[in-house]
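Asker: Following this message is one structure expressed as structure tokens.
The values are calculated or read from the model by the stated rules, or taken from the named source; none is laboratory data. Computed from a prediction, not measured in an experiment: that's the story for all the values here. Note that we place each Cβ from the backbone using ideal geometry, even for glycine, and neighbour counts take in every protein chain shown.
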Amino acid sequence: MSGYNFAFLDEHTKRMIRRAILKAVAIPGYQVPFGSREMPLSYGWGTGGVQVTASVIGPDDVLKVIDQGADDTTNAVSIRQFFRRTTGVRTTTRADEATIIQTRHRVPETPLVEGQILVLQVPIPEPLRWLEPRETETRTMHALEEYGVMHVRLYEDITRHGHVETSYDYPVRVNGRYLMRPSPIPKFDNPKLDRNPALLLFGAGREKRIYAVPPYTPVRSLDFDDYPFTIERWEHACALCGARDAFLDEIVVDDKGGRMFVCSDTDHCERRRSGA
Amino acid sequence: MSERPLLSVRGLTKRYGAHVACLDVGFDLWPGEVLAVVGESGSGKTTLLACLSGRLPVCAGHVEFTLRDGSVVSVLDLSEAERRKLARTDWGIVRQDPRDGLRLGVSAGANVGEPLMALGARHYGQLRAAALDWLDKVEIDGDRVDDLPETFSGGMQQRLQIARNLVTRPRLVLMDEPTGGLDVSVQARLLDLLRGLVADLGLSAIVVTHDLAVARLLSHRLLVMRRGQVVEGGLTDQVLDDPQHPYTQLLVSSVLQP
């Protein structure tokens, strides 16, 4: 595409973002401020993730874009097309072929490997925001590791529902230090973050923050001693591929109460069905 | 009494420009002692509390606090991290308006449990047991443990705030007008409760109040402040029964007798 730099962003911006990423990698889970740019898509659609991807992508990369687990939804299609046009890189739907995977709301079911980069789109990066509106105060709380209040939320969940009801964006401690929002992935995906061989990068465009979980970094979900962290389980198997160990979406199929459960990760489901 | 005061304040001064909020305030607080600070509105009582707990920067003065292990720290020279740690482990702060000291969006049980969680408690069953135990101590019905403080009456909110502050067994409690804004019968009950808790737990406390009756009931010793200065101090009964300073005499004589 003429008139635009490779991957849309100018080189100075990319360098600035790479510096932020390097700092984020050096301090796992720490939110690094960066000069977020206006992007040709609206806030909430992945402006942070797009800027991170644009800064790390090279001509030899293979890109996969996921939206809610699927490769064929609006957000995934548009961002994939955006990068195909502005970089000319090869794109794929296969998680094992991609070198960079930009994602919203899911971590692929296919285990990631060394050398891959997972870019997660983040709406609100600050895990303490719900109980402390002041940015100066939350920064101090991070600096002094004052994270006890985070358990108040879990306490309330157990008190009201008998178990921890928080099911997505479930707070984690990274490397035994920083409290981090894993972005709105289901807590089903939290264990995949722990000691993952891939580099996990988180970009929040509106909030202008980047953070990272380097390969093989311990990531622990918060819990109580007598209410240990658990992930979602389904009584059903995927109606299409029969998977019992994948994250399932419930889909309403008619107006008579009919519904089916299918894999949210379309790539995983299709490959199981085709036997690949 | 042990040989060292728990808290030792010397020459504490706080100015806002030309206006003096506290001038050369000094006193010792001994373990197990309750000290009342009385004075009219604007005499610097609340500023004094904020200064000696390090929440407000002072212009001059020293504040020394004796830790559990017997060592002495200079409160005003602590780093913010150390000061906040000390505030979590050794101090309780009861605010005049319970809405300032409580987290209104979460249940009463979570409010009492929060200071424990901040200190590292990670067992839901134990946190809940502690919350129920403390609600009982402050005479709140255990059935209300899952209710939001917003649904509590003013007196209950204040008692809940006290429970939240005492659950970590602090050694020093700072109370700013703990009975302000409550009606007289509720005040009496709260004072009775506070007096019992202070005696049972062997707490040291500084109570700021404009109400001489509160001072009389709760405190062993009394400081009278006026325009930022301590004009008179001594044993509570002594000061109230035989006031020496003209201002104290005025204060004592201005109390309405029913």
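Asker: Given the criteria touching a residue at least 12 places away in the same chain (Cβ under 8 Å) and in contact with a His (Cβ under 9 Å, 6 or more places away or on another chain), does A:Leu193 qualify?
Answerer: no
Asker: Of the residues that sit in the range A:203-222 and are touching a Lys or Arg at 6+ places or on another chain (Cβ under 8 Å) and under 18 Å from A:Met150 (Cβ atoms), which one is nearest to the other protein chains (Cβ to nearest Cβ)?
Answerer: Of everything passing the filter in the range A:203-222, A:Leu222 is nearest to the other protein chains (Cβ to nearest Cβ).
Asker: Out of the residues in the range A:135-148 that are in a loop (DSSP other than H, G, I, E, B) and buried (at least 19 other Cβ atoms within 10 Å of the Cβ), state the one that is nearest to the other protein chains (Cβ to nearest Cβ).
Answerer: A:Gly148
One line per residue, one yes/no per condition, for (1) touching a Pro at 6+ places or on another chain (Cβ under 8 Å); (2) at pLDDT 95 or above:
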| residue | (1), (2) |
| --- | --- |
| A:Glu156 | no, no |
| A:Arg160 | no, no |
| A:Met180 | yes, yes |
| A:Ala198 | yes, yes |
| A:Tyr211 | yes, yes |
| A:Pro215 | yes, yes |
| A:Arg220 | no, yes |
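Asker: Just to verify a result, which residue in the range B:229-246, among those that are in contact with a Ser or Thr (Cβ under 7 Å, 6 or more places away or on another chain) and outside any strand (DSSP E or B), is surrounded by the most Cβ atoms within 10 Å (Cβ to Cβ)?
Answerer: B:Val239
Asker: Could you give me the residue pairs with C-beta distances under 7 Å whose first residue belongs to the range A:1-21 and is touching a residue at least 40 places away in the same chain (Cβ under 8 Å), whose second residue is part of a loop (DSSP other than H, G, I, E, B) wherever it lies, and which are 6+ apart or on separate chains?
Answerer: Partner pairs satisfying both residue conditions: A:Ala7/A:Ile57; A:Leu9/A:Arg37; A:Thr13/A:Arg37; A:Ile17/A:Phe34; A:Ala20/A:Phe34.
Asker: So the check is Cβ under 8 Å with 6+ separation or different chains; which pairs have a first residue in the range B:1-23 that's free of Cβ contacts under 8 Å to residues at least 40 places away in the same chain and a second one that's surrounded by fewer than 16 Cβ atoms within 10 Å (Cβ to Cβ) and assigned to a loop (DSSP other than H, G, I, E, B)?
Answerer: none
Asker: Out of the range A:77-88, which residues are under 22 Å from A:Lys14 (Cα atoms) and assigned to a helix (DSSP H, G or I)?
Answerer: Scanning the range A:77-88 gives A:Ser78, A:Ile79, A:Arg80, A:Gln81, A:Phe82, A:Phe83, A:Arg84, A:Arg85, A:Thr86, A:Thr87.
Asker: Taking the range B:52-80 as the region of interest, how many residues are in contact with a Ser or Thr (Cβ under 9 Å, 6 or more places away or on another chain) and closer than 25 Å to A:Arg139 by Cα?
Answerer: Summing the residues that are in contact with a Ser or Thr (Cβ under 9 Å, 6 or more places away or on another chain) and closer than 25 Å to A:Arg139 by Cα in the range B:52-80 gives 4.
Asker: Could you tell me whether any residue of the range B:131-149 is crowded, with 22+ Cβ neighbours inside 10 Å, among the aliphatic types (A, V, I, L, M) and closer than 19 Å to B:Leu49 by Cβ?
Answerer: no
Asker: Under 6 Å between Cβ atoms, which residue pairs at least 6 apart in sequence (or on different chains) link something in the range A:149-167 that is within 8 Å of another protein chain (Cβ to nearest Cβ) with a partner that is assigned to a helix (DSSP H, G or I) and aromatic (Phe, Trp, Tyr)?
Answerer: Matching pairs, first to second residue: A:Ile158/B:Tyr124.
Asker: From A:Pro125, A:Pro108, which residue is in contact (Cβ under 8 Å) with a residue 60 or more places away in the chain, more than 14 Å from every other protein chain (Cβ to nearest Cβ) and more than 22 Å from A:Thr73 (Cβ to Cβ)?
Answerer: Answer to the selection: A:Pro125.
Asker: Looking at the structure I just gave you, is A:Glu109 part of a loop (DSSP other than H, G, I, E, B), in contact with a helix residue (DSSP H, G or I) (Cβ under 6 Å, 6 or more places away or on another chain) and over 24 Å from A:Ser42 (Cβ atoms)?
Answerer: For A:Glu109, the condition - part of a loop (DSSP other than H, G, I, E, B), in contact with a helix residue (DSSP H, G or I) (Cβ under 6 Å, 6 or more places away or on another chain) and over 24 Å from A:Ser42 (Cβ atoms) - is met.
Asker: If A:Lys64 satisfies every condition in (1) part of a helix (DSSP H, G or I); (2) in contact (Cβ under 8 Å) with a residue 60 or more places away in the chain; (3) under 18 Å from the mean Cα position of the chain (by Cα) but one, which is the exception?
Answerer: Exception for A:Lys64: condition (1).
Asker: Give me the pairs: first residue in the range B:74-97 and more than 12 Å from every other protein chain (Cβ to nearest Cβ) and under 23 Å from B:Arg169 (Cβ atoms), second residue at pLDDT 90 or above and in a loop (DSSP other than H, G, I, E, B), beta-carbon distance under 6 Å, and six or more apart or on different chains, which are they?
Answerer: B:Asp90/B:Pro170; B:Asp90/B:Arg171; B:Trp91/B:Pro170; B:Gly92/B:Pro170
Asker: Quick one: which of B:Ala50, B:Ala81, B:Ala87 is part of a helix (DSSP H, G or I) and exposed (fewer than 14 other Cβ atoms within 10 Å of the Cβ)?
Answerer: Step by step, each of B:Ala50, B:Ala81, B:Ala87 is checked, and only B:Ala81 is part of a helix (DSSP H, G or I) and exposed (fewer than 14 other Cβ atoms within 10 Å of the Cβ).
Asker: Would you point out the residue of the range B:128-143, among those that are under 20 Å from the mean Cα position of the chain (by Cα) and more than 14 Å from every other protein chain (Cβ to nearest Cβ), that is nearest to B:Glu114 (Cα to Cα)?
Answerer: This residue is B:Trp134.
Asker: Hey, another quick one. So which pairs qualify, if the first residue must be in the range B:177-196 and surrounded by 20 or more Cβ atoms within 10 Å (Cβ to Cβ), the second must be among the acidic types (Asp, Glu), the Cβ gap must be under 7 Å, and the two must be at least 6 apart or on different chains?
Answerer: From the range B:177-196, the pairs are B:Thr179/B:Asp211.
Asker: Limited to the range A:232-276, what total is found for residues that are exposed (fewer than 15 other Cβ atoms within 10 Å of the Cβ) and touching a helix residue (DSSP H, G or I) at 6+ places or on another chain (Cβ under 7 Å)?
Answerer: Total meeting the criteria: 1.
Asker: Might you check whether a residue that is touching a His at 6+ places or on another chain (Cβ under 8 Å), more than 14 Å from every other protein chain (Cβ to nearest Cβ) and assigned to a loop (DSSP other than H, G, I, E, B) occurs anywhere in the range A:89-100?
Answerer: Yes, some residue in the range A:89-100 is touching a His at 6+ places or on another chain (Cβ under 8 Å), more than 14 Å from every other protein chain (Cβ to nearest Cβ) and assigned to a loop (DSSP other than H, G, I, E, B).
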